[in-house]
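The values are calculated or read from the model by the stated rules, or taken from the named source; none is laboratory data. Predicted, not measured: the structure shown is a model, and the values here were computed from it. Methodologically, a virtual Cβ is constructed for each residue, glycine included, from the backbone with ideal geometry; neighbour enumeration extends over all protein chains shown. For the accessible areas, the whole protein counts, side chains as well, though only heavy atoms, and no ligand, DNA or RNA atoms are used. Shrake-Rupley method; radii C 1.70, N 1.55, O 1.52, S 1.80 Å.
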Amino acid sequence: MNQTLTGKISERKLRNRTSFLQALRNSLTMAYRGLLKIRRTPEQLFDVTFQPIIFTLMFTYIFGGAISGNVHNYLPVIIPGILVQSVITTSIVTGVQLREDMDKGVFDRFKSLPIARIAPLAGALLADTIRYTIATTLTFLMGYIMGYRPDGGLGCVVIAGLMVIVCSWCISWIFAFFGVMARNATSVQGISMLVLFPLTFLSNAFVPVETMPDWLQWFVKINPISHLVTAVRDLANSGSIGWDFSISLIGAAVIVIIFAPITVKAYMRKA
Amino acid sequence: MNNINSHSARPENGEWAVEAHGLVKVFGDNRAVDGVDLNVKAGTIYGVLGPNGAGKTTTIRMLATLLRPDAGSAQIFGHDVMKEPQIVRQLIGVTGQYASVDETLSAIENLVIFGRLLGLGRKEAKQKADELLEEFGLTEAAKRPLKNFSGGMRRRLDLAASLISEPPLIFLDEPTTGLDPRTRNQMWETIRLLVKNGSTILLTTQYLQEADELADRIAVIDRGRVVAEGTGDELKASIGRSSLQLKIQNPLDFEKARRIVEQVLGVKSNVSPEGGKITAPMADADRVTDLLIALRAVGIQLEELSVQKPSLDEVFLAITGHGVKDEKQDPTEEMEVSV
């Protein structure tokens, strides 16, 4: 066995704090671990593959005629809406999987290592952006196949896609928090759906706001999901970046600032 | 010369690897750890012996910064576990009761990821992983997913993962529970080698034999308290080298038989938890002949008699006056008690 095991303590550089750089490096390693896991269990990607395809088809053909007169006119409305809904719903899975992962022994080892406390969480969340990317790409692709030709051009569509991915990563911290707090994976799923279902449907994602009663319009207009959907529509359909773009990113940042610390704290407290 | 060398390999900031005073952890109304003191000299193996639910794992988790003590204090090489947790984590390796490795990944992927997390470069991490897999005889299985690993392979990988950073102090929580005798012996060899190379090891076990075989000092822990502490020989001396078990035919003679046992062997006897059996520590197995003659002289007829090595149960009977089996179980741990 290795002679260096003696490991003199005086020779070790001991610090009680982790630098930002170390936190970043640790998180990226943890993200690498997440990607390896996805590669080993590709069936995890079923939902992000089929949900965008099925939902886009269903909603477009069911509501198209009723809302916009025909399917073609509905596409610029529904594609951004369904994109936001699909990708954010996908971020629930992050919380569920985190819960399952944390119940395994390997998280004990992560806790006993001298790494940044945020890394196991941030890394897992970071790896899941691959899921959001798949869902985003497939939704736009389905739209394209059905005849959606965004006027903003490819560049703006890519920016819109990236924005949705970034915002979903930020929002996934909320579900990560549920994941850390909840007793088991099923309850994470339950709580998260309960929060997300009203939020995505009480928005402008599927129907024009003007058709709703006044009191509901009031909520729909302050709903952050509406702002995100509008921002995507502006970008994809007219290539413009407006107030909704900024407010979406600011809102997403606020979520991280609030939820990342309390999630890490809760994670640390859980034995 | 040799002596001086081995001494200088030890930490210079004091000779204690672990100093814990009055550690307490309460879960609900269960005082899992109730004032534990532990002092572990650097460069030694220290055994914590006790049944399931005695508080062994909880104690280790507190020392390894995985659990915050409700009271008391603990230092690892002079660094406080609560005030300087990140420093403590740089000095320890932890191998848990349940293998703390990633099931979905292969052995080499596991080790590389832990190596990267510990600050090794891509190449170094790979090299270190290869080295450790070789040392632990896992090279052939390196690329296979862990799902197909046997219990022994998992434990070895788990221990290998704890050694990546070459920590001066290693916690082993029941390293051999559930292993077959051959793999257990391999694990013992590995543990001895680690200490020979200067590491300090704190291990928990349910088996007196294991603690006896490996540890320089042993703490017996029961209901969250240390009830006895000393070298293996000191502990054994307190309970006798071997243990007598005696069952007699006529229950009416029970008290009389107990008196004779105590007279002949000169020790205090106990009644086994299953009832009906007299147990007593024996310093010398040869004394059993005297005992048999004495029993025949008063006409007590035997049903069963055996002389055994002391079991954990008897250590407990001797030290605490109650058996392992009436131990209140920690609900989070398994109910099975190995004696």
Being of a type in the set (D, E, K, R), away from every other protein chain (no Cβ under 11 Å) and crowded, with 17+ Cβ neighbours inside 10 Å is true for just one of B:ARG144, B:ARG156, B:ARG182. Which residue is that?
B:ARG156
So which of A:THR18, A:THR90 is in a helix (DSSP H, G or I) and either facing chain B (nearest Cβ under 7 Å) or hydroxyl-bearing (Ser, Thr, Tyr) (or both)?
A:THR90
Within the group B:ILE170, B:ILE201, B:ILE248, B:ILE221, which residue is open to solvent by less than 20 Å² (accessible area, probe 1.4 Å), within 30 Å of A:LYS37 (Cα to Cα) and in contact (Cβ under 8 Å) with a residue 24 or more places away in the chain?
B:ILE170
If a residue must be farther than 17 Å from B:LEU169 by Cβ and part of a loop (DSSP other than H, G, I, E, B), how many such residues does region B:26-56 contain?
8
Give the residue that is nearest to A:GLY34 (Cα to Cα), with candidates limited to residues of region B:66-91 that are touching a helix residue (DSSP H, G or I) at 6+ places or on another chain (Cβ under 7 Å) and more than 7 Å from every other protein chain (Cβ to nearest Cβ).
B:VAL81
Look through region B:268-318, keep the residues that are part of a loop (DSSP other than H, G, I, E, B) and farther than 30 Å from B:GLY224 by Cα, and return whichever of them is modelled with the lowest pLDDT.
B:ASP284
Which of the numbered conditions does A:ALA116 fail, given that it passes all the others? Conditions: (1) assigned to a loop (DSSP other than H, G, I, E, B); (2) open to solvent by 20 Å² or more (accessible area, probe 1.4 Å).
(2)
Among (1) open to solvent by less than 10 Å² (accessible area, probe 1.4 Å); (2) closer than 25 Å to B:TYR98 by Cβ; (3) modelled with pLDDT of 90 or more, where does A:TYR74 come up short?
(2)
I'd like to know if region B:201-219 contains one or more residues that are within 14 Å of chain A (Cβ to nearest Cβ) and more than 28 Å from B:LYS277 (Cβ to Cβ).
yes
Exception for A:LEU141 within (1) surrounded by 22 or more Cβ atoms within 10 Å (Cβ to Cβ); (2) modelled with pLDDT of 90 or more; (3) among the aliphatic types (A, V, I, L, M) falls at (1)
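Listed here are the residues, each with its yes/no results for (1) surrounded by 15 or more Cβ atoms within 10 Å (Cβ to Cβ); (2) within 11 Å of chain A (Cβ to nearest Cβ).
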site: B:GLU109; (1), (2): yes, yes
site: B:ILE113; (1), (2): yes, yes
site: B:ARG116; (1), (2): yes, yes
site: B:GLY119; (1), (2): yes, yes
site: B:LEU133; (1), (2): yes, no
site: B:GLY137; (1), (2): no, no
site: B:GLY152; (1), (2): yes, no
Could we say that A:GLN97 is of a type outside the set (A, V, I, L, M), within 13 Å of chain B (Cβ to nearest Cβ) and surrounded by fewer than 19 Cβ atoms within 10 Å (Cβ to Cβ) here?
no
Report those helices (runs of 4 or more DSSP H) wholly inside region B:99-209 carrying at least 3 residues which are closer than 26 Å to A:ALA119 by Cα and assigned by TED's automatic domain parsing to the domain that holds B:GLY232.
B:107-117, B:122-135, B:151-162
Out of all the residues in region B:58-96, which are more than 27 Å from A:GLN22 (Cα to Cα) and open to solvent by 30 Å² or more (accessible area, probe 1.4 Å)?
B:ASP70, B:ALA71, B:GLY72, B:SER73
For region B:187-200, give me the residue count where each residue is more than 13 Å from every other protein chain (Cβ to nearest Cβ) and either of a type outside the set (A, V, I, L, M) or under 20 Å from B:ARG89 (Cα atoms) (or both).
1
Which helices (runs of 4 or more DSSP H) sit wholly inside region A:179-256 and have at least 2 residues that are touching a Phe, Trp or Tyr at 6+ places or on another chain (Cβ under 8 Å) and buried (at least 16 other Cβ atoms within 10 Å of the Cβ)?
A:185-201
Can B:LEU157 be described as over 16 Å from the mean Cα position of the chain (by Cα) and touching a residue at least 12 places away in the same chain (Cβ under 8 Å)?
yes
Criterion: in contact with a Gly (Cβ under 7 Å, 6 or more places away or on another chain) and farther than 15 Å from A:THR136 by Cβ - qualifying residue of A:GLY190, A:GLY153, A:GLY147
A:GLY153
